Amino acid sequence: MDVKKKKFGMLSDGSKVLLYKVSNSDMSFVVTNYGCVITSILLPSQSGVVEDVVLAPPTLDSLVLSDASFGGVVGRFANRIGGAGFTLNGTTYSLDKNDGENCLHGGFFRWDKQLWDSEIIETVNGSGVTFSRTSVAGEQGMPGTVEVKVTYLLDNENNLVIRYSALSDQDTIINLTNHSYFNLAGHNKGKIDTHLLTLNCTQYLESDNCLPTGRILSVENTVFDFTTEKALGQNLHTEDLKSTRGYDHCFCIDQDGGRLVPFAQVREPKSGRVMTVATDMPGVQLYTANWLKGDVGKDGARYNPHDGFCLETQQYPDAPNKYSFPSAVLKAGKEFTSTTVYGFRW
């Protein structure tokens, strides 16, 4: 295992931004302390051709300007909060309306646009980087000062392990995820229609304009049924997904007492690359990059709708306002922890 650090660039305030490359004998990933953004994952194909399988801007300047959350950590509350507000312990909190009437990915002060403290770590289970920051009370309109840590770890079995932790001095809400866009054929290979997805999820959250209605529905006989392997493009362009321009829906993961649950596999037939996902979170947002708009990418690429997919493990969207959903409340003095594992093979 090997971890190398180098300078990525400078922010306008003179802050130095770093890149960390973490490698084992088979693969590598690159991450920056700006937003904890994964900028690259290099994987061989079945025939030994190495490709970068995550979409990302090519430079720090282009990353700063991007609004697509490429590869970053999203918080304090990933996904949407309806009406851009919630009530906790009798107090109502107002948030940014940056998605119509809703708050999306924390509003205008986004965690994927902040500079994090960073530290290289070496463990018996792998090597990587731990990022940390303090989110002060009132940031994003949220209660409580929260100490948050995110660790990216690569092991010798080609698993990229992401561990989150958060500790608040006041009751608050928390929902953390990573927003990497994957294309297992290669980041610059265009549409992901032929990627084959399996989701061990028999239910999904009904939504209206991407906001959950509160109803949990069966995937059976719907475009949301991936319980047997199905090409992402099979229903991607149908009338059922017209309003969202593709998949942007939360699927329900049957939990197992806080243990990691393997729930997803994505297979790219031509390269033979396979990605698996396991988590201890109750939900996963499948997003098929519906709102990319020719974003500038690495190697001269332009990223367009459906050129990548995200599997964002998380709490249920709008959980603070949907009391039948699993609670996203973090009690004062009680640590929140979560783990997601992206496994790769070819």
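Things worth noting here:
- Environment charge of S324, counting only residues whose C-beta is closer than 12 Å and scoring Lys/Arg +1, Asp/Glu -1: +1
- 15 Å reach of a label modelled at N158, 7 Å along Cα-to-Cβ, counting backbone N of segment 42-59: 42-54
- You can think of it this way: the chain between A231 and D299 has 21.8 nm of extra reach, that is 0.36 nm per residue less the Cα-Cα gap.
- Taking every DSSP helix (H) stretch of at least 4 residues in the chain, weighting each as -39,500 (n - 2.57) and dividing the sum by the residue count yields a mean residue ellipticity at 222 nm of -500 deg cm²/dmol.
- Cβ-defined net charge surrounding R267, 13 Å radius [Lys, Arg +1; Asp, Glu -1]: +2
- Of the solvent-accessible surface of segment 90-230, computed with a 1.4 Å probe over protein heavy atoms with every protein chain present, carbon and sulfur atoms account for 46 percent.
- Estimated FRET transfer efficiency when R0 is 22 angstrom, pair Q46-D26 (beta carbons, to 0.05): 0.95
- Multiplying the residue separation of T198 and R245 by 0.36 nm and removing their Cα-Cα distance gives an extension gain of 14.9 nm.
- Projection of the Cα convex hull of segment 120-226, averaged over all directions and equal to a quarter of that hull's surface, yields 10.8 nm².
- Debye-sum result for segment 208-346 in log10 I(q)/I(0), which assumes one identical scatterer on each alpha carbon, at q = 0.15, 0.22 Å⁻¹: -0.90, -1.55
- Long-range Cα-Cα pairs in the chain (distance over 30 Å), rounded percent: 31 percent
- Per residue, in Å², the accessible surface of the chain once ligands and nucleic acids are set aside, probe 1.4 Å: 40 Å²
- The chain: most fluctuating residue of R163, R133, R215 per GNM, C-alpha cutoff 10 Å: R215
- Of K113/K270; K6/K334; K191/K322; K21/K270; K4/K298, those spanning more than 31 Å from alpha-carbon to alpha-carbon: K113/K270; K6/K334; K191/K322
- Point-to-point label distance, T92-D254, nm (Cα→Cβ direction, 7 Å offset): 4.0 nm
- A simple count of charges around W111, restricted to other residues whose Cβ falls under 9 Å of its Cβ and scoring Lys, Arg +1 and Asp, Glu -1, yields +3.
- Zone residues, segment 261-303, relative to R345, backbone N less than 18 Å from point 7 Å out along Cα-to-Cβ: 261-279
The values are calculated or read from the model by the stated rules, or taken from the named source; none is laboratory data. Computed from a predicted structure; not experimentally measured. We place every Cβ from the backbone using ideal geometry, glycine too, and count neighbours over all the protein chains shown. Please note that ligands, DNA and RNA were not included when accessible areas were found on the heavy atoms of the full protein model with its side chains. Shrake-Rupley method; radii C 1.70, N 1.55, O 1.52, S 1.80 Å.
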